[in-house]
Amino acid sequence: MRILIAHNYYQQAGGEDRVFADEANLLETKGHEVSRYSIRNDQIANMGSLALAGATLWNRQIYRQLRSRIRQTQPHVVHFHNTFPLISPAGYYAARAEGVPVVQTLHNYRLLCPSAIFFRDGRICEDCAGKAIPWPGVVHACYRGSRAASGATAAMLAFHRLLQTWKKAVDVFIACSQFARDKFVAGGLSPEKLVCKPNFLYPAPEPGQGEGGYALFVGRFAPEKGLETLLAAWEQVPDLPLKIVGDGPCAQQVAAAAERLPQVEWLGLQPRDAVYDLMGNAAFLIVPSEWYETFGLVAIEAFAKGTPALVANIGAISELVTPSQNGLRFRPGDPQDLLAKVDWLRSHPADLARMRQSARTTFETHYTAEANYQMLMQIYDRVRGNGERGTGNRERGTGNRELGRGQER
(Lines give C-alpha, C1' and ligand atoms only; values in the text may rest on other atoms or scores of the structure.)
Protein backbone atom coordinates (compact mmCIF):
# COMPACT_ATOMS: atom_id res chain seq x y z
CA MET A 1 0.00 0.00 0.00
CA ARG A 2 1.16 3.55 -0.68
CA ILE A 3 0.53 6.01 2.15
CA LEU A 4 1.23 9.72 2.33
CA ILE A 5 1.58 10.88 5.94
CA ALA A 6 1.35 14.62 6.62
CA HIS A 7 2.33 16.49 9.76
CA ASN A 8 2.73 20.09 10.90
CA TYR A 9 5.50 20.24 13.52
CA TYR A 10 5.02 22.64 16.42
CA GLN A 11 7.87 24.88 17.52
CA GLN A 12 8.29 22.77 20.66
CA ALA A 13 8.62 19.03 20.08
CA GLY A 14 5.96 16.78 21.58
CA GLY A 15 4.35 13.37 21.54
CA GLU A 16 2.59 14.04 18.22
CA ASP A 17 5.96 14.26 16.50
CA ARG A 18 6.96 10.91 18.00
CA VAL A 19 3.80 9.19 16.82
CA PHE A 20 4.18 10.63 13.32
CA ALA A 21 7.75 9.33 13.04
CA ASP A 22 7.10 5.95 14.66
CA GLU A 23 3.99 5.24 12.61
CA ALA A 24 5.76 6.05 9.35
CA ASN A 25 8.75 3.89 10.27
CA LEU A 26 6.52 0.99 11.28
CA LEU A 27 4.62 1.10 7.99
CA GLU A 28 7.88 1.06 6.06
CA THR A 29 9.16 -1.99 7.93
CA LYS A 30 5.92 -3.75 6.93
CA GLY A 31 6.71 -3.17 3.27
CA HIS A 32 4.47 -0.17 2.53
CA GLU A 33 5.58 2.78 0.44
CA VAL A 34 5.49 5.78 2.77
CA SER A 35 5.80 9.37 1.62
CA ARG A 36 6.24 11.99 4.34
CA TYR A 37 4.99 15.54 3.94
CA SER A 38 5.89 17.85 6.80
CA ILE A 39 6.17 21.53 7.58
CA ARG A 40 7.53 23.31 10.66
CA ASN A 41 6.06 26.24 12.54
CA ASP A 42 9.44 27.95 12.73
CA GLN A 43 8.55 29.92 9.62
CA ILE A 44 5.67 31.58 11.49
CA ALA A 45 8.17 34.11 12.85
CA ASN A 46 8.61 35.48 9.32
CA MET A 47 4.89 35.79 8.62
CA GLY A 48 2.73 38.80 9.31
CA SER A 49 -0.42 38.36 11.39
CA LEU A 50 -2.73 38.67 8.38
CA ALA A 51 -0.70 36.19 6.33
CA LEU A 52 -0.71 33.72 9.21
CA ALA A 53 -4.46 34.14 9.74
CA GLY A 54 -5.06 33.50 6.05
CA ALA A 55 -2.83 30.43 6.02
CA THR A 56 -4.58 29.06 9.11
CA LEU A 57 -7.93 29.38 7.38
CA TRP A 58 -6.82 28.05 3.98
CA ASN A 59 -3.19 27.69 2.91
CA ARG A 60 -3.15 28.02 -0.87
CA GLN A 61 0.51 27.11 -1.19
CA ILE A 62 0.09 23.90 0.83
CA TYR A 63 -3.00 23.01 -1.19
CA ARG A 64 -0.99 23.22 -4.42
CA GLN A 65 2.04 21.43 -2.97
CA LEU A 66 0.04 18.55 -1.57
CA ARG A 67 -1.89 18.04 -4.79
CA SER A 68 1.40 17.91 -6.65
CA ARG A 69 2.88 15.45 -4.15
CA ILE A 70 -0.21 13.25 -4.35
CA ARG A 71 0.00 13.16 -8.14
CA GLN A 72 3.66 12.14 -7.89
CA THR A 73 3.30 9.44 -5.25
CA GLN A 74 -0.21 8.15 -6.06
CA PRO A 75 -1.04 7.17 -2.45
CA HIS A 76 -3.97 4.97 -1.57
CA VAL A 77 -4.52 6.96 1.67
CA VAL A 78 -3.46 10.36 2.98
CA HIS A 79 -3.07 10.27 6.77
CA PHE A 80 -2.80 13.61 8.59
CA HIS A 81 -1.48 13.96 12.11
CA ASN A 82 -1.35 17.71 12.84
CA THR A 83 -2.54 20.28 10.30
CA PHE A 84 -2.44 23.37 12.54
CA PRO A 85 -1.76 26.06 11.61
CA LEU A 86 0.19 25.94 8.35
CA ILE A 87 -1.08 22.86 6.54
CA SER A 88 -4.62 23.99 7.38
CA PRO A 89 -7.78 22.10 6.37
CA ALA A 90 -6.83 22.88 2.77
CA GLY A 91 -4.73 19.73 3.03
CA TYR A 92 -7.85 17.59 3.24
CA TYR A 93 -9.29 19.17 0.12
CA ALA A 94 -6.04 18.62 -1.76
CA ALA A 95 -6.39 14.90 -1.11
CA ARG A 96 -10.08 14.87 -1.96
CA ALA A 97 -9.47 16.75 -5.19
CA GLU A 98 -7.15 13.92 -6.23
CA GLY A 99 -9.68 11.26 -5.21
CA VAL A 100 -7.69 9.94 -2.23
CA PRO A 101 -9.39 9.10 1.10
CA VAL A 102 -8.39 11.06 4.21
CA VAL A 103 -7.57 9.89 7.73
CA GLN A 104 -6.95 12.36 10.57
CA THR A 105 -5.47 11.41 13.94
CA LEU A 106 -6.80 13.65 16.73
CA HIS A 107 -3.84 14.20 19.03
CA ASN A 108 -5.48 17.15 20.82
CA TYR A 109 -8.83 18.95 21.05
CA ARG A 110 -8.13 21.70 18.48
CA LEU A 111 -11.35 21.02 16.56
CA LEU A 112 -13.34 21.90 19.69
CA CYS A 113 -11.10 24.32 21.58
CA PRO A 114 -8.84 27.12 20.24
CA SER A 115 -6.15 26.27 22.82
CA ALA A 116 -6.53 22.54 22.01
CA ILE A 117 -6.36 21.46 25.67
CA PHE A 118 -9.65 22.40 27.39
CA PHE A 119 -7.65 24.17 30.11
CA ARG A 120 -7.67 27.83 31.16
CA ASP A 121 -6.58 29.76 34.24
CA GLY A 122 -5.55 26.61 36.09
CA ARG A 123 -8.78 24.68 35.53
CA ILE A 124 -10.67 22.59 33.01
CA CYS A 125 -12.59 24.79 30.56
CA GLU A 126 -15.07 23.55 27.96
CA ASP A 127 -16.67 26.90 27.18
CA CYS A 128 -16.04 26.57 23.44
CA ALA A 129 -17.07 22.93 23.06
CA GLY A 130 -20.03 22.57 20.71
CA LYS A 131 -20.21 26.26 19.82
CA ALA A 132 -20.47 27.10 16.11
CA ILE A 133 -18.21 30.09 16.80
CA PRO A 134 -15.80 29.47 19.70
CA TRP A 135 -15.87 33.08 20.84
CA PRO A 136 -14.91 32.49 24.52
CA GLY A 137 -11.48 31.39 23.33
CA VAL A 138 -11.05 34.76 21.64
CA VAL A 139 -12.27 36.74 24.66
CA HIS A 140 -9.82 34.93 26.92
CA ALA A 141 -6.97 34.93 24.37
CA CYS A 142 -6.61 31.18 24.80
CA TYR A 143 -4.19 30.60 21.93
CA ARG A 144 -0.71 31.98 22.63
CA GLY A 145 -2.20 34.60 24.96
CA SER A 146 -3.23 36.63 21.92
CA ARG A 147 -6.73 37.67 20.94
CA ALA A 148 -5.59 38.11 17.34
CA ALA A 149 -4.11 34.60 17.15
CA SER A 150 -7.09 33.17 19.01
CA GLY A 151 -9.41 35.00 16.63
CA ALA A 152 -7.66 33.46 13.62
CA THR A 153 -7.99 30.00 15.15
CA ALA A 154 -11.64 30.57 16.02
CA ALA A 155 -12.31 31.85 12.49
CA MET A 156 -10.76 28.70 11.03
CA LEU A 157 -12.94 26.48 13.22
CA ALA A 158 -16.11 28.45 12.51
CA PHE A 159 -15.49 28.63 8.75
CA HIS A 160 -14.80 24.92 8.36
CA ARG A 161 -17.77 23.97 10.52
CA LEU A 162 -19.91 26.08 8.20
CA LEU A 163 -18.25 24.41 5.22
CA GLN A 164 -18.82 21.01 6.90
CA THR A 165 -15.17 20.13 6.38
CA TRP A 166 -15.04 17.68 9.28
CA LYS A 167 -18.09 15.89 7.88
CA LYS A 168 -17.33 15.93 4.15
CA ALA A 169 -13.55 16.12 3.73
CA VAL A 170 -12.36 13.52 6.27
CA ASP A 171 -13.25 9.83 5.95
CA VAL A 172 -12.13 8.69 9.41
CA PHE A 173 -10.92 10.42 12.55
CA ILE A 174 -8.69 8.44 14.91
CA ALA A 175 -9.16 9.22 18.61
CA CYS A 176 -6.36 7.90 20.80
CA SER A 177 -8.66 6.90 23.67
CA GLN A 178 -12.31 6.27 24.44
CA PHE A 179 -12.36 9.38 26.63
CA ALA A 180 -11.17 11.56 23.75
CA ARG A 181 -13.61 9.92 21.36
CA ASP A 182 -16.51 10.68 23.72
CA LYS A 183 -15.43 14.33 23.92
CA PHE A 184 -15.32 14.67 20.14
CA VAL A 185 -18.73 13.06 19.75
CA ALA A 186 -20.14 15.42 22.39
CA GLY A 187 -18.52 18.29 20.50
CA GLY A 188 -20.35 17.45 17.29
CA LEU A 189 -18.16 15.08 15.30
CA SER A 190 -19.96 12.16 13.70
CA PRO A 191 -19.60 9.01 15.82
CA GLU A 192 -19.62 6.94 12.62
CA LYS A 193 -16.39 8.62 11.56
CA LEU A 194 -14.60 8.25 14.90
CA VAL A 195 -12.55 5.17 15.75
CA CYS A 196 -10.26 4.46 18.69
CA LYS A 197 -6.64 3.50 18.14
CA PRO A 198 -4.13 4.00 20.94
CA ASN A 199 -0.56 5.08 20.41
CA PHE A 200 2.31 2.62 20.64
CA LEU A 201 6.09 2.32 20.95
CA TYR A 202 8.38 1.34 18.11
CA PRO A 203 10.80 -0.18 18.71
CA ALA A 204 9.76 -1.44 22.15
CA PRO A 205 12.34 -1.22 24.96
CA GLU A 206 13.20 -4.10 27.24
CA PRO A 207 11.85 -3.97 30.83
CA GLY A 208 14.00 -2.64 33.66
CA GLN A 209 14.40 -3.78 37.25
CA GLY A 210 13.11 -0.75 39.19
CA GLU A 211 16.03 -0.76 41.58
CA GLY A 212 16.84 2.95 41.48
CA GLY A 213 14.80 3.89 44.53
CA TYR A 214 13.32 7.08 43.09
CA ALA A 215 10.10 8.43 41.60
CA LEU A 216 10.13 9.94 38.12
CA PHE A 217 8.33 12.67 36.17
CA VAL A 218 8.82 13.01 32.40
CA GLY A 219 7.04 15.65 30.38
CA ARG A 220 6.63 19.22 29.25
CA PHE A 221 6.72 21.86 31.97
CA ALA A 222 3.35 23.51 31.41
CA PRO A 223 0.63 24.54 33.91
CA GLU A 224 -1.78 21.82 32.77
CA LYS A 225 0.81 19.10 33.48
CA GLY A 226 0.31 19.36 37.26
CA LEU A 227 3.88 20.17 38.27
CA GLU A 228 2.70 22.51 41.01
CA THR A 229 0.76 19.64 42.60
CA LEU A 230 3.74 17.29 42.27
CA LEU A 231 6.22 19.71 43.82
CA ALA A 232 3.81 20.60 46.64
CA ALA A 233 3.53 16.92 47.51
CA TRP A 234 7.30 16.45 47.41
CA GLU A 235 7.77 19.15 50.02
CA GLN A 236 6.52 16.41 52.37
CA VAL A 237 8.60 13.51 50.96
CA PRO A 238 12.13 14.26 52.15
CA ASP A 239 13.41 10.69 51.93
CA LEU A 240 12.38 9.64 48.41
CA PRO A 241 14.30 11.15 45.48
CA LEU A 242 12.24 12.65 42.67
CA LYS A 243 13.91 12.91 39.27
CA ILE A 244 12.34 15.32 36.79
CA VAL A 245 12.98 15.15 33.05
CA GLY A 246 11.78 17.84 30.66
CA ASP A 247 11.60 21.57 30.01
CA GLY A 248 9.04 24.22 29.17
CA PRO A 249 7.32 27.41 30.36
CA CYS A 250 7.35 26.33 34.05
CA ALA A 251 11.09 25.55 34.07
CA GLN A 252 11.85 28.32 36.57
CA GLN A 253 9.43 26.77 39.07
CA VAL A 254 11.11 23.37 38.70
CA ALA A 255 14.60 24.88 38.96
CA ALA A 256 13.65 26.70 42.16
CA ALA A 257 12.26 23.50 43.69
CA ALA A 258 15.37 21.54 42.74
CA GLU A 259 17.54 24.18 44.39
CA ARG A 260 15.39 24.32 47.53
CA LEU A 261 14.67 20.60 47.97
CA PRO A 262 17.65 18.21 48.03
CA GLN A 263 15.41 15.26 47.16
CA VAL A 264 14.36 16.86 43.85
CA GLU A 265 16.68 16.61 40.84
CA TRP A 266 16.02 18.31 37.52
CA LEU A 267 17.75 16.48 34.67
CA GLY A 268 16.63 18.73 31.81
CA LEU A 269 15.81 17.25 28.44
CA GLN A 270 17.17 13.75 27.81
CA PRO A 271 17.41 11.52 24.71
CA ARG A 272 14.91 8.70 24.44
CA ASP A 273 17.35 5.94 25.44
CA ALA A 274 18.32 7.84 28.60
CA VAL A 275 14.65 8.36 29.46
CA TYR A 276 14.00 4.65 29.03
CA ASP A 277 16.89 3.84 31.38
CA LEU A 278 15.50 6.24 33.97
CA MET A 279 12.05 4.72 33.62
CA GLY A 280 13.33 1.18 33.95
CA ASN A 281 15.14 1.99 37.19
CA ALA A 282 12.37 4.13 38.72
CA ALA A 283 10.16 2.73 41.47
CA PHE A 284 7.20 4.33 39.71
CA LEU A 285 6.32 7.09 37.26
CA ILE A 286 4.12 10.02 38.27
CA VAL A 287 1.76 11.67 35.75
CA PRO A 288 0.00 14.53 37.63
CA SER A 289 -1.77 16.08 34.61
CA GLU A 290 -4.71 18.35 35.32
CA TRP A 291 -6.07 18.54 31.77
CA TYR A 292 -7.85 16.00 29.60
CA GLU A 293 -4.91 14.13 28.14
CA THR A 294 -5.99 12.52 24.87
CA PHE A 295 -3.75 9.54 25.59
CA GLY A 296 -0.60 9.44 27.75
CA LEU A 297 2.38 8.12 25.82
CA VAL A 298 4.68 8.56 28.79
CA ALA A 299 2.66 6.03 30.82
CA ILE A 300 2.95 3.49 28.00
CA GLU A 301 6.71 4.01 27.97
CA ALA A 302 6.78 3.28 31.68
CA PHE A 303 4.66 0.14 31.22
CA ALA A 304 7.04 -1.08 28.52
CA LYS A 305 9.87 -0.77 31.03
CA GLY A 306 7.80 -2.63 33.63
CA THR A 307 7.29 0.49 35.74
CA PRO A 308 3.90 1.23 37.35
CA ALA A 309 2.33 4.65 36.87
CA LEU A 310 0.76 6.87 39.52
CA VAL A 311 -1.60 9.07 37.51
CA ALA A 312 -4.17 11.79 38.06
CA ASN A 313 -7.69 10.42 37.72
CA ILE A 314 -8.66 12.65 34.79
CA GLY A 315 -8.96 12.35 31.04
CA ALA A 316 -7.55 9.51 28.99
CA ILE A 317 -4.55 8.99 31.25
CA SER A 318 -6.83 7.43 33.86
CA GLU A 319 -8.05 4.87 31.27
CA LEU A 320 -4.54 3.45 31.02
CA VAL A 321 -4.22 2.57 34.70
CA THR A 322 -6.14 -0.18 36.45
CA PRO A 323 -5.71 0.58 40.17
CA SER A 324 -3.59 -1.92 42.10
CA GLN A 325 -2.70 -3.73 38.87
CA ASN A 326 -0.39 -1.51 36.81
CA GLY A 327 -0.46 1.58 39.02
CA LEU A 328 -2.67 3.86 41.09
CA ARG A 329 -4.81 6.94 40.55
CA PHE A 330 -5.07 10.08 42.68
CA ARG A 331 -7.36 13.11 42.68
CA PRO A 332 -6.05 15.68 40.18
CA GLY A 333 -4.67 18.83 41.77
CA ASP A 334 -4.62 17.24 45.25
CA PRO A 335 -1.08 17.04 46.73
CA GLN A 336 -2.33 15.24 49.83
CA ASP A 337 -4.00 12.46 47.88
CA LEU A 338 -0.90 12.13 45.72
CA LEU A 339 1.17 11.90 48.90
CA ALA A 340 -1.14 9.22 50.32
CA LYS A 341 -0.75 7.09 47.17
CA VAL A 342 3.04 7.52 47.25
CA ASP A 343 3.07 6.36 50.86
CA TRP A 344 0.94 3.33 49.97
CA LEU A 345 3.28 2.27 47.17
CA ARG A 346 6.32 2.63 49.41
CA SER A 347 4.76 0.63 52.20
CA HIS A 348 3.65 -2.25 49.94
CA PRO A 349 6.82 -3.46 48.18
CA ALA A 350 5.33 -6.86 47.28
CA ASP A 351 2.35 -5.19 45.57
CA LEU A 352 4.68 -2.80 43.78
CA ALA A 353 6.74 -5.73 42.47
CA ARG A 354 3.58 -7.43 41.23
CA MET A 355 2.50 -4.19 39.54
CA ARG A 356 5.77 -4.17 37.61
CA GLN A 357 4.91 -7.47 35.99
CA SER A 358 1.36 -6.33 35.28
CA ALA A 359 2.58 -3.05 33.76
CA ARG A 360 4.71 -4.92 31.22
CA THR A 361 1.82 -7.28 30.48
CA THR A 362 -0.43 -4.27 29.85
CA PHE A 363 2.04 -2.97 27.30
CA GLU A 364 2.48 -6.32 25.57
CA THR A 365 -1.28 -6.85 25.37
CA HIS A 366 -2.41 -3.47 24.11
CA TYR A 367 0.38 -1.13 22.99
CA THR A 368 2.87 -3.03 20.87
CA ALA A 369 3.65 -2.01 17.31
CA GLU A 370 2.20 -5.25 15.94
CA ALA A 371 -1.18 -4.76 17.63
CA ASN A 372 -1.25 -1.14 16.48
CA TYR A 373 -0.33 -2.06 12.93
CA GLN A 374 -3.30 -4.41 12.67
CA MET A 375 -5.66 -1.66 13.84
CA LEU A 376 -4.15 0.85 11.42
CA MET A 377 -4.55 -1.53 8.49
CA GLN A 378 -8.22 -2.04 9.38
CA ILE A 379 -8.71 1.74 9.30
CA TYR A 380 -6.93 2.11 5.94
CA ASP A 381 -8.93 -0.78 4.49
CA ARG A 382 -12.11 0.83 5.72
CA VAL A 383 -11.46 4.16 3.99
CA ARG A 384 -10.18 2.54 0.82
CA GLY A 385 -13.05 0.12 0.60
CA ASN A 386 -13.16 -2.54 -2.08
CA GLY A 387 -12.99 -1.27 -5.68
CA GLU A 388 -16.57 -0.01 -5.57
CA ARG A 389 -15.87 2.32 -2.63
CA GLY A 390 -12.70 3.56 -4.30
CA THR A 391 -14.71 4.70 -7.31
CA GLY A 392 -16.93 6.62 -4.93
CA ASN A 393 -13.89 8.38 -3.50
CA ARG A 394 -12.79 9.44 -6.97
CA GLU A 395 -16.23 10.82 -7.69
CA ARG A 396 -16.22 12.82 -4.47
CA GLY A 397 -12.75 14.03 -5.33
CA THR A 398 -14.00 15.42 -8.62
CA GLY A 399 -16.66 17.41 -6.82
CA ASN A 400 -14.16 18.75 -4.29
CA ARG A 401 -11.79 19.78 -7.07
CA GLU A 402 -14.21 22.57 -7.91
CA LEU A 403 -14.35 23.62 -4.25
CA GLY A 404 -10.57 23.62 -4.12
CA ARG A 405 -10.30 25.91 -7.13
CA GLY A 406 -12.89 28.22 -5.66
CA GLN A 407 -10.96 28.50 -2.44
CA GLU A 408 -7.71 29.06 -4.29
CA ARG A 409 -9.13 32.08 -6.01
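Among the candidates Q236, Q270, which residue alone is on the phi < 0 side of the Ramachandran plot, in the same structural domain as I314 (by TED's automatic domain parsing), assigned to a loop (DSSP other than H, G, I, E, B) and in contact with a strand residue (DSSP E or B) (Cβ under 6 Å, 6 or more places away or on another chain)?
Working: Q236 fails: in contact with a strand residue (DSSP E or B) (Cβ under 6 Å, 6 or more places away or on another chain).
Result: Q270 is the single residue among Q236, Q270 that is on the phi < 0 side of the Ramachandran plot, in the same structural domain as I314 (by TED's automatic domain parsing), assigned to a loop (DSSP other than H, G, I, E, B) and in contact with a strand residue (DSSP E or B) (Cβ under 6 Å, 6 or more places away or on another chain).
Go through E293, E319 for me and flag whichever is crowded, with 24+ Cβ neighbours inside 10 Å, under 19 Å from A180 (Cβ atoms), modelled with pLDDT of 95 or more and not basic (K, R).
Working: E319 fails: crowded, with 24+ Cβ neighbours inside 10 Å.
The unique qualifying residue is E293.
Based on what the data block shows, is G399 at pLDDT below 95 and under 21 Å from H79 (Cβ atoms)? Break it down into steps so the answer makes sense when it comes.
Details: at pLDDT below 95: yes; under 21 Å from H79 (Cβ atoms): no.
Taking the combined requirement at face value, the residue does not satisfy it.
Just to be sure before I move on: is N82 part of a loop (DSSP other than H, G, I, E, B), in contact with a His (Cβ under 8 Å, 6 or more places away or on another chain) and in contact (Cβ under 8 Å) with a residue 24 or more places away in the chain in the structure I sent? Let's see the steps before the verdict.
Working: part of a loop (DSSP other than H, G, I, E, B): yes; in contact with a His (Cβ under 8 Å, 6 or more places away or on another chain): yes; in contact (Cβ under 8 Å) with a residue 24 or more places away in the chain: yes.
When the stated conditions are applied, N82 passes them.
Determine whether K168 is more than 26 Å from G48 (Cα to Cα) and crowded, with 20+ Cβ neighbours inside 10 Å.
On the way: more than 26 Å from G48 (Cα to Cα): yes; crowded, with 20+ Cβ neighbours inside 10 Å: no.
It is false that K168 is more than 26 Å from G48 (Cα to Cα) and crowded, with 20+ Cβ neighbours inside 10 Å.
Let me confirm something: among R181, R220, R260, R272, which residue is free of Cβ contacts under 8 Å to residues at least 60 places away in the same chain and under 30 Å from G130 (Cβ atoms)? Let's see the steps before the verdict.
Values: R220 fails: free of Cβ contacts under 8 Å to residues at least 60 places away in the same chain; R260 fails: under 30 Å from G130 (Cβ atoms); R272 fails: under 30 Å from G130 (Cβ atoms).
Being free of Cβ contacts under 8 Å to residues at least 60 places away in the same chain and under 30 Å from G130 (Cβ atoms) holds for just one of R181, R220, R260, R272, which is R181.
So which residues in the range 141-156 are in contact with a helix residue (DSSP H, G or I) (Cβ under 6 Å, 6 or more places away or on another chain), closer than 19 Å to A45 by Cβ and not in a loop (DSSP other than H, G, I, E, B)?
The answer is A148, S150, A152.
Which of the residues spanning the range 84-127 are touching a strand residue (DSSP E or B) at 6+ places or on another chain (Cβ under 7 Å) and closer than 23 Å to D381 by Cα?
Of everything in the range 84-127, those that are touching a strand residue (DSSP E or B) at 6+ places or on another chain (Cβ under 7 Å) and closer than 23 Å to D381 by Cα turn out to be G91, Y92, A95, R96, V100, P101, V102, V103, Q104, T105, L106.
Among P191, P203, P136, P198, which is the only one that is surrounded by fewer than 22 Cβ atoms within 10 Å (Cβ to Cβ) and in contact with an Asp or Glu (Cβ under 6 Å, 6 or more places away or on another chain)? Before you say what the answer is, go through the steps one by one.
Details: P191 fails: in contact with an Asp or Glu (Cβ under 6 Å, 6 or more places away or on another chain); P203 fails: in contact with an Asp or Glu (Cβ under 6 Å, 6 or more places away or on another chain); P198 fails: in contact with an Asp or Glu (Cβ under 6 Å, 6 or more places away or on another chain).
One residue alone meets the criteria, P136.
Quick check on the range 144-164: of everything there that is buried (at least 20 other Cβ atoms within 10 Å of the Cβ) and of a type in the set (S, T, Y), which residue is farthest from L57 (Cα to Cα)?
Here the answer is S150.
Among the residues of the range 261-290, which ones are buried (at least 24 other Cβ atoms within 10 Å of the Cβ) and of a type in the set (A, V, I, L, M)?
First, pick out the residues of the range 261-290 that are buried (at least 24 other Cβ atoms within 10 Å of the Cβ): 279, 282, 284-289.
M279, A282, L285, I286, V287, listed by residue number.
Within the range 238-275, which residues are of a type in the set (A, V, I, L, M, F, W, C) and over 18 Å from T307 (Cβ atoms)? Quick ask: steps written out before the conclusion?
Our first condition is that a residue be of a type in the set (A, V, I, L, M, F, W, C); within the range 238-275, this holds for 240, 242, 244-245, 250-251, 254-258, 261, 264, 266-267, 269, 274-275.
Matches in the range 238-275: C250, A251, V254, A255, A256, A257, A258, L261, V264, W266, L269.
Are any residues in the range 1-52 small (G, A, S) and either surrounded by 14 or more Cβ atoms within 10 Å (Cβ to Cβ) or within 16 Å of F80 (Cβ to Cβ) (or both), and if so, which ones?
Going through the range 1-52, the residues small (G, A, S) turn out to be 6, 13-15, 21, 24, 31, 35, 38, 45, 48-49, 51.
Result: A6, G14, G15, A21, A24, S35, S38.
Among the residues of the range 323-354 satisfying the criterion of being without any contact (Cβ under 8 Å) to a residue 12 or more places away in the chain and within 29 Å of the chain's Cα centre (by Cα), which is nearest to H107 (Cα to Cα)?
Once the filter is applied, the top-ranked residue is P323.
Taking R360, is it part of a helix (DSSP H, G or I) and without any contact (Cβ under 8 Å) to a residue 24 or more places away in the chain?
Details: part of a helix (DSSP H, G or I): yes; without any contact (Cβ under 8 Å) to a residue 24 or more places away in the chain: no.
So R360 does not fit the description; no.
Suppose the filter is at pLDDT 95 or above, under 15 Å from Y292 (Cα atoms) and among the hydrophobic types (A, V, I, L, M, F, W, C); does A175 pass it? Please lay out each step first, then the result.
Numbers: at pLDDT 95 or above: yes; under 15 Å from Y292 (Cα atoms): yes; among the hydrophobic types (A, V, I, L, M, F, W, C): yes.
Yes.
Out of (1) in a loop (DSSP other than H, G, I, E, B); (2) surrounded by 19 or more Cβ atoms within 10 Å (Cβ to Cβ); (3) at pLDDT below 95, the odd one out for A55 is which?
Going through the list (1) in a loop (DSSP other than H, G, I, E, B); (2) surrounded by 19 or more Cβ atoms within 10 Å (Cβ to Cβ); (3) at pLDDT below 95, A55 breaks only (1).
The values are calculated or read from the model by the stated rules, or taken from the named source; none is laboratory data. All values derive from a computational prediction rather than experimental measurement. A quick note on method: Cβ atoms are made from the backbone with ideal geometry, for glycine too, and the neighbour counts reach across all protein chains shown.
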